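Below is one structure, written out as structure tokens; comments come after it.
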Amino acid sequence: MNYHRIYFRLIIFFSILTWCTGFTLNVLTNGSEVSAASIPLLNFFYDNVCHQDEDKLISLSGFNFLVCARCSGIYFGALISSLFLLISFKKKEDPLRIFSIASIILFADVILNNFLLSSYNKISAFITGLFFGSVCFLIILNQIEELNLTKAKS
């Protein structure tokens, strides 16, 4: 594995870690003055990627994440996958079949939670988001690295 790929994966990992730290900052700091001052700015970013429905937010120690359970799962799934790829240097096969399965499971969970059942299940939303985010990250990273390898060979 070349050093450019390692550096690229490190940059991606720390970018996703920063993103996840941002939406969990209120919980991580127990609502400290620092997080209280930064919440309006962070809400500006996360409001563009999540509906932030109060009933669907994960709450720990009386403080909420800034994104819903499903989005939290997606982002943490990407974080876990990016960490795994820092440790594993084997070439991964294209996970499009797994992506199809993850998409179907996520879509079924959305239908069940939003249309068929009377109550939202944060645990199933988080878990299906986790699976979906992991697989999506692998596909996106694979495509970016393939594009970079193709450019490098030209």
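The numbers here are math on the coordinates, done by the rules we state, and not lab data. None of the values given here were measured: they were computed from a predicted structure. All Cβ positions, glycine included, derive from the backbone under ideal geometry; neighbour counts span all protein chains shown.
Quick notes on this structure:
- For Q52, nonlocal amide neighbours, meaning residues 5 or more places apart or on other chains whose placed amide H falls under 5 Å from its own, are C68.
- Pairs of alpha carbons in the range 39-92 whose separation is greater than 16 Å (percent): 52
- Contour minus Cα-Cα distance for V49 and S100 (0.36 nm per residue): 16.2 nm
- Computed over the range 15-64, the quotient of the alpha carbon radius of gyration and 2.2 N^0.38 Å is 1.08.
- Cβ-Cβ FRET estimate between L60 and F84, R0 fixed at 25 Å, reported to 0.05: 0.55
- Of A37, A125, A69, the one that fluctuates the most in a GNM where the chain has Cα springs shorter than 10 Å: A37
- Cα long-axis angle, helix 122-153 against the chain (0 to 90 degrees, to the nearest 10): 30
- Charge-dipole axis of the chain as Lys and Arg at +1 and Asp and Glu at -1 on Cβ define it, positive-most pick from S59, L25, L130: L130
- Each semi-axis of the equivalent ellipsoid for the range 1-91 is √(5λ) with λ an eigenvalue of the Cα gyration tensor; in descending order they amount to 28, 14, 11 Å.
- Pairwise Cα inverse-distance average, inverted: Kirkwood Rh of the chain (Å): 16.9
- Potential lengthening between L117 and F14 on full extension [0.36 nm per residue; Cα-Cα distance subtracted]: 33.3 nm
- Computed 3J(HN,Hα) for the range 34-50, one whole-Hz value per residue from the Karplus formula 6.51 cos²θ - 1.76 cosθ + 1.60 where θ = phi - 60°, is 5, 5, 4, 6, 8, 4, x, 5, 5, 4, 4, 6, 6, 5, 7, 10, 8, glycine and proline marked x.
- Note on the chain: with a GNM built from Cα contacts shorter than 10 Å, the maximum mean-square fluctuation among G133, G77, G31 falls on G31.
- Taking the longest Cα principal axis of the chain as reference, the axis of helix 3-28 is set at about 0 degrees.
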